[in-house]
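The values are calculated or read from the model by the stated rules, or taken from the named source; none is laboratory data. In this text, all values refer to a predicted model and were calculated from it rather than measured experimentally. Positions of Cβ are generated from backbone atoms using ideal geometry, with glycine treated the same way; all protein chains shown enter the neighbour counts. All accessible areas refer to the heavy atoms of the entire protein, side chains included, with ligands and DNA or RNA removed. Shrake-Rupley method; radii C 1.70, N 1.55, O 1.52, S 1.80 Å.
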Amino acid sequence: MDFNFNPEQGQFADALKRWIGRDYGFEARRAIVRSDAGVSDAAWATLVELGMTALPVPEAQGGFSGSAVDMLVVMQELGRGLVVEPYLATVLGAEFLRLGGRHPQLLEQVATGELKLACALGERQSRHDMRDIATRAEPEGDGYVLNGEKKVVLHGAQAGMLVVSARSGGAQCDEAGIGLFLVPLDAAGLRITDYRTLDGLRAADVVFDQVRVDAAAVIGAAGAGWSILDAALDYGAGLLCAEAVGAMEAIFDTTLEYLKTRQQFGAPIGKFQALQHRMADMFVHLEQARSMALLAAVKLGSNDAGERRRAVSAAKYRINLAARFIGQQAVQLHGGMGVTDELPAAHYFKRLSTIELTLGDADHHLARFIAQPGFKEGAAA
């Protein structure tokens, strides 16, 4: 099996590396994070120009029909660069639209960069269980009325439309009765509270107060959105795995460079065997995480939903553990400077810590992996 990236994937990676190195360095990113907007229109325009927004969109809608492995290449580079623009939120929203199959015109707008999306899925009580939905979608006329609240919607205030999960039937944690809806940001009754997150990105709390949408706003089939939601959440988790690998590579490299240059007792601290052992342990975690991210990306294209769930949960579990270990070790090896705003290590650590808690932490994905059919029988064999 060939694990090398093809020439097109290498070109995407090289283009992003050049742009980040030239225009999106550490100080430029800090300035963007501290700005009132929290994102850069110029950076977004460059991502569009490089074809990143068109990559996951089907060719029929003006995209490149990029696979999850293609997206892995992109997300790794964005992770290395700590890019804060609403790319992840938009491509995850585009995956909902692709799976739903009812909004080709919106996918065209995503491909051209005209439309940014955000996914309003989590609620105060739901933690990592996205079936736990209290937001209601009550039928009214030829549409629906939405009432409820969504928490920590990544780039919710920067999007043009929201992908919203709401319940039109069933009990609060049932898979049946879940609907997915498109809600424009200027909809009457929509209230958004925007804020900066720990890792420098933007998120929002969104309240739906008698928000009316028509039947055309439904993604997929009304009240039968769980299969789309489940697949899209796996897609998003796979993208986060790839981004985490890129961030871990960067924090590993910057820590190694620090050990080579920081002097103690007349010698670089990288000569101390105890610190070399720590770096070796970090490298092992990084390589295992890289392999699991690639496995998840490959299995995201599987027609077997069980196989996809097992691979993604295994990858997210292992990468969450690696992100915590590598991030914490990097901070320790930098000493007190490792937590200061002036060094990139602190920013990578914050981003890795946030990824660990996004779309399922280690405990959630371990429990999900164990719950898959065949696990108990296989473990007992």
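Observations, loosely collected:
- Cα-centred dipole magnitude for the range 239-381, charges only on beta-carbon of K, R (+1) and D, E (-1), debye, nearest 20: 200 debye
- Straight-distance crosslink candidates among lysines, where the alpha carbon sits under 29 Å from Lys260 and sequence neighbours closer than 8 are dropped: Lys17, Lys271, Lys350
- With every protein chain in place, the range 324-380: carbon and sulfur % of accessible area (1.4 Å): 62 percent
- Alpha-carbon centroid distance for the pair the range 254-292 / the range 94-118, whole angstrom: 43 Å
- P(r) of the chain over all Cα-Cα pairs, binned every 10 Å from zero, in whole percent: 5, 23, 33, 25, 11, 3, 1, 0
- Cα gyration tensor category, rounded, prolate or oblate, for the range 49-160 with a/c compared to 1.5: oblate
- The phi torsions of the range 286-299, fed into the Karplus equation with coefficients 6.51, -1.76 and 1.60 and a -60° offset, translate into couplings of 5, 5, 5, 5, 4, 5, 5, 5, 5, 4, 4, 4, 5, 6 Hz, rounded to whole numbers, with Gly and Pro shown as x.
- Other residues with beta-carbon under 14 Å from the beta-carbon of Glu307 carry, at +1 per Lys or Arg and -1 per Asp or Glu, a net charge of +2.
- Carbon + sulfur, % of accessible area of the range 215-317 - ligands and nucleic acids excluded, 1.4 Å: 56 percent
- Derived scalar couplings ³J(HN,Hα) [the range 116-129; Karplus, 6.51 cos²θ - 1.76 cosθ + 1.60; whole Hz; x for Gly, Pro]: 9, 10, 9, 10, 9, 10, x, 10, 4, 8, 7, 6, 9, 8
- Relative contact order (percent, whole number), the chain, Cα cutoff 8 Å, 6+ residue spacing: 15 percent
- Probe 1.4 Å, accessible area per residue of the range 232-377, Å²: 45 Å²
- Taking a Cβ cut-off of under 12 Å around Val207, the surrounding Lys, Arg, Asp and Glu residues balance to a net charge of 0, with basic ones at +1 and acidic ones at -1.
- Ranked order, Cys173, Cys119 - accessible area, probe 1.4 Å, largest first: Cys173, Cys119
- Rolling a 1.4 Å probe over the protein heavy atoms gives the range 6-69 an accessible area of 50 Å² per residue.
- Taking a straight Cα-Cα cut-off under 12 Å and skipping sequence neighbours fewer than 8 places away in the same chain, the aspartates and glutamates within cross-link reach of Lys316 are Asp234, Glu243, Glu356, Asp361, Asp363.
- Estimated vicinal HN-Hα couplings, Hz - the range 62-75 in sequence order (Karplus 6.51, -1.76, 1.60; Gly, Pro = x): x, x, 10, 6, x, 7, 5, 5, 4, 5, 4, 4, 5, 5
- In straight-distance terms, cross-link reach from Lys150 covers every one of the aspartates and glutamates whose alpha-carbon lies under 16 Å from its own, apart from those fewer than eight places away in the same chain; here that gives Glu123, Asp129, Asp132, Asp194, Asp205, Asp209.
- Think of each Lys and Arg Cβ as +1 and each Asp and Glu Cβ as -1; about the Cα centre, that makes the dipole of the chain roughly 1060 debye.
- The range 57-135, accessible surface, carbon-and-sulfur percent (1.4 angstrom probe): 45 percent
- For the chain, the longest principal axis of the Cα atoms and the long axis of helix 87-100 meet at an angle of about 40 degrees.
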